[in-house]
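Nothing in this text is a laboratory measurement; each read-out follows from the coordinates by a stated rule. All figures in this text were calculated on a predicted structure; none of them were measured in a lab. Neighbour counts run over all protein chains shown; Cβ positions are idealised from the backbone, glycine included.
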Amino acid sequence: KGDDAALLELARAAPQIELKLAAVDSMAGEAALRQAEREFRSHDRKVHQRLRQRLTAAVARREAQANADALIAAAEALLDTTPIAANRLAALDKDWGAIAESLAEADRRAAFATLRGRLDAALAEQDAQERAAQNDADAAAEQTPPAALPLLPAGLALPAALAWWSITTFVLYS
């Protein structure tokens, strides 16, 4: 592993295929791999195939890292929104799962895992707050009698209460 330009020159000048393949395998930069792939396209089929594979892998690795960075930024943005939309969280998980784990770097995987844990905690807190608000609303509704009930005399059974209500309504509005 070293200077890609020197390795490319070695691959060009090497008389044996094994030396060319070793030089190509030691290249690291995407630009150098692209240049070497163009140069070996018309000759040295094995070297060209190896270069094409390495270039495809380098491009896929770069794209996966860019996607990972974008998803980490999206997770950070989602953490700052209130309320957290569960569908956006599910889409984020789906998109992260689409990135091949072998292509994403370990520090990016750790960063996403940390953010995902924070999102889970925030979502659980949000759910607990919504549940508490609903329980408070239910308790308040149970304690507040319907508007018609205060007009009824205490202790009347339902048929008697209905009869009383119909008589009272008839008398009041006649």
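Points to keep in mind about this one:
- Residues Glu142 and Thr82, FRET efficiency given R0 of 25 Å [Cβ-Cβ distance, rounded to 0.05]: 0.30
- R0 of 45 Å, Cβ-Cβ distance Thr114-Asp3: FRET efficiency to nearest 0.05: 0.75
- Note that segment 1-123, at 10 °C in a medium of 1.306 mPa s, gets a Stokes-Einstein diffusion coefficient of 95 µm²/s from its Kirkwood radius over C-alpha pairs.
- With the simple spin-label model, which puts each label point 7 Å out from Cα in the Cβ direction, the Arg12 to Arg52 separation comes to 2.2 nm.
- Backbone phi angles across segment 42-56, fed through the Karplus curve with coefficients 6.51, -1.76 and 1.60 (θ = phi - 60°), yield HN-Hα couplings of 8, 8, 6, 4, 4, 5, 4, 4, 5, 5, 4, 5, 5, 5, 4 Hz in residue order; Gly and Pro are listed as x.
- Across all Cα atoms of segment 58-127, the radius of gyration (one decimal) and Dmax (whole number) stand at 12.3, 42 Å.
- The distance from the alpha carbon centre of segment 76-94 to that of segment 1-68 is 40 Å, rounded to a whole number.
- Space enclosed by the convex hull of the alpha-carbon atoms of segment 35-86, per residue, Å³: 74 Å³
- Anisotropy class of segment 13-53 from Cα gyration tensor, a/c 1.5 cut: oblate
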